[in-house]
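S.K.: Here you go, one structure.
All of the numbers you see were taken from the coordinates with simple rules; none came from a lab. It should be emphasised that the depicted structure is a prediction, and the values quoted were computed from it without experimental measurement. When we count neighbours, we look across all protein chains shown, and the Cβ atoms used for this are built from the backbone with ideal geometry, even at glycine.
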Amino acid sequence: MKLRQIETFVAVAEHGSFRRAAELLHRSSSAVSVHVRQLEDELGLPLLERTTRRVVLTAAGRTLLARCRSALADLRSVAQDLKEEAALGCGRVSIGCAPSVSMYRLPPILAAFQEAHPGVTLQLHECFAQRMYHDVLEHVTDFAIGPRLPGLKDFAFRPILLDPVVAVLPYARPWRGRSSVRLDELAGLPLVSMTRDSAMRIQIEQAFRAQGIPFEPRFEVVHHQTLFSLVENRLGVTLLPRISVPARKGDYVVAELCEPAIARELCLISLNGQKLSPAAQRCAEMVVSGLRARAAALKAVTE
């Protein structure tokens with residue numbers, strides 16, 4: 001059986017007409033009749049009952065139609081997969097990302113993607129939430145990795161992980177050896193913090209106010225690394241998402257925040273109804289799986 005014969009038979013069977021099948025396939029009516037007759041001759045069975053008004057499937061025709069539909073669907077799926085594989089050999093993927101994620105966790109994932117798909121150009125836009133969402137909306141970026149914000153209807157959110165807030169404290173008494181800390185223990189201590197451009201800063205400030213604790217940072221900075229340096233030099237304490245803590249140990253203590261615990265939901269953010277390009281989709285899958293795997297590994301080490 002040849003593919004053209006199968007396509008012709010399916011078109012005739014589904015539309016009940018040789019003429020309509022010929023129109024859909026852009027073939028002559030005589031070619032359509034020849035293809036069906038050749039198929040019947042090869043199988044040795046009648047597949048269609050022809051009348052002056054309609055075409056009806058025989059029992060053999062019904063069996064063949066079900067099998068042919070499945071085979072054609074498989075062929076189309078394979079063809080689409082191959083097209084997508086070819087598309088991964090080139091193209092561009094633009095990613096927006098919160099600084100807390102791009103600082104340590106994202107680079108090795110992007111390196112793995114680039115090694116697997118060297119023909120794809122990667123672009124990274126590191127920014128805080130407001131700009132991140134703007135860039136997705138304006139198609140500057142294909143997708144973003146950052147916190148889910150409430151009240152945004154134009155975006156689709158794919159949850160990646162819950163990112164708890166931790167306290168970063170000077171490596172000195174009374175914090176040395178502590179694994180957890182209450183928020184009220186930080187009352188009255190010098191605070192260092194990100195600026196209000198950071199969604200995490202706003203969430204932390206709200207938690208302080210809910211506990212009746214003043215939130216008055218001594219220093220406000222743009223970069224997470226600056227916060228770690230300030231704490232190491234005993235200029236204050238800070239609260240940060242765990243994902244921003246480097247793997248290397250510094251001259252500071254990292255303690256889980258409890259009473260209350262604070263966490264944010266990190267998501268892959270895209271536009272509602274948007275279909276990512278094959279390259280962007282593959283990159284998104286690698287980012288999601290890579291972030292989840294790293295978080296699971298760190299959790300296993302600390303438990």
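S.K.: At 0.36 nm per residue, and after removing the present C-alpha to C-alpha distance, how many nm does the segment from E14 to D184 gain when stretched out fully?
M.R.: Here the segment from E14 to D184 would lengthen by 54.0 nm.
S.K.: What is the distance, in nm, between label points placed 7 Å from the Cα along the Cα-to-Cβ direction at A261 and at Q274?
M.R.: Label at A261, label at Q274, 3.2 nm between them.
S.K.: Taking θ = phi - 60°, what integer Hz values does the Karplus form 6.51 cos²θ - 1.76 cosθ + 1.60 yield along the range 131-137, in sequence order, with x for Gly and Pro?
M.R.: Couplings: 5, 4, 5, 4, 5, 5, 5 Hz.
S.K.: Using the Karplus equation 6.51 cos²θ - 1.76 cosθ + 1.60 (θ = phi - 60°), what ³J(HN,Hα) coupling, rounded to whole Hz, does each residue of the range 59-75 give in order, writing x for Gly and Pro?
M.R.: 4, 5, x, 5, 5, 5, 4, 4, 5, 5, 4, 5, 5, 5, 5, 5, 5
S.K.: Counting DSSP beta bridges with both partners in the chain, what percentage is antiparallel, nearest 5?
M.R.: In the chain, DSSP labels about 60 percent of beta bridges as antiparallel.
S.K.: To the nearest 20 debye, what charge dipole does the chain have about its Cα centre, counting +1 at the Cβ of each Lys and Arg and -1 at the Cβ of each Asp and Glu?
M.R.: Using Cβ point charges on Lys, Arg, Asp and Glu, the chain gives about 600 debye.
S.K.: Taking the Cβ of S289 as the centre, find all other residues whose Cβ is under 15 Å away and add up their charges (Lys, Arg: +1; Asp, Glu: -1).
M.R.: Net of charged neighbours comes to +4.
S.K.: So if I place +1 on the C-beta of Lys and Arg and -1 on the C-beta of Asp and Glu, and nothing else carries charge, what would the dipole magnitude of the range 161-264 be about its Cα centre? I want it in debye, nearest 20.
M.R.: 240 debye
S.K.: What per residue convex hull volume, in Å³, comes out for the range 241-303 when only alpha-carbon positions are used?
M.R.: 121 Å³
S.K.: How big is the charge dipole of the range 1-157 about its Cα centre, in debye rounded to the nearest 20, if each Lys and Arg gets +1 on its Cβ and each Asp and Glu gets -1 on its Cβ?
M.R.: In total the dipole reaches around 760 debye.
S.K.: List the aspartates and glutamates whose Cα lies under 19 Å from the Cα of K2, skipping any in the same chain that are fewer than 8 positions away.
M.R.: Hits, sequence-local ones excluded: E14, E40, D41, E42, D74.
S.K.: Select from the range 195-262 those trypsin sites (Lys or Arg not before Pro) which occupy a DSSP coil region and have at most 14 other Cβ atoms within 10 Å, ordered by residue number.
M.R.: In loop regions of the range 195-262 (DSSP not H, G, I, E or B), the sparsely surrounded trypsin sites (Lys or Arg not before Pro) are R196, R218, R234, R248, K249.
S.K.: Further question on the same structure: Could you rank the peptides 89-99, 30-40 by their average count of other C-beta atoms within 10 Å per residue, with the highest value first?
M.R.: 89-99, 30-40
S.K.: Run down the aspartates and glutamates and flag those whose C-alpha is under 12 Å from the C-alpha of K275, throwing out any fewer than 8 positions away in its chain.
M.R.: Here the aspartates and glutamates satisfying the reach criterion relative to K275 are D142.
S.K.: How large, in Å, is the chain by the Kirkwood hydrodynamic radius built from its alpha-carbon pairs?
M.R.: 23.8 Å
S.K.: Can you figure out the FRET efficiency of K249 with L75, using R₀ = 45 Å and their beta-carbon distance, to the nearest 0.05?
M.R.: So the FRET efficiency works out to roughly 0.20.
S.K.: So, one more: Convert each backbone phi in the range 33-49 into a coupling constant with the Karplus relation 6.51 cos²θ - 1.76 cosθ + 1.60 (shift: θ = phi - 60°), then list the ³J(HN,Hα) values in order as whole Hz, x for Gly and Pro.
M.R.: 4, 5, 4, 5, 5, 4, 5, 5, 5, 5, 7, x, 9, x, 9, 9, 9
S.K.: State the extension gain, in nm to one decimal, for the chain segment bounded by M286 and L162, taking 0.36 nm per residue of separation less the distance between their alpha-carbons.
M.R.: 42.8 nm is the gain from fully extending M286 to L162.
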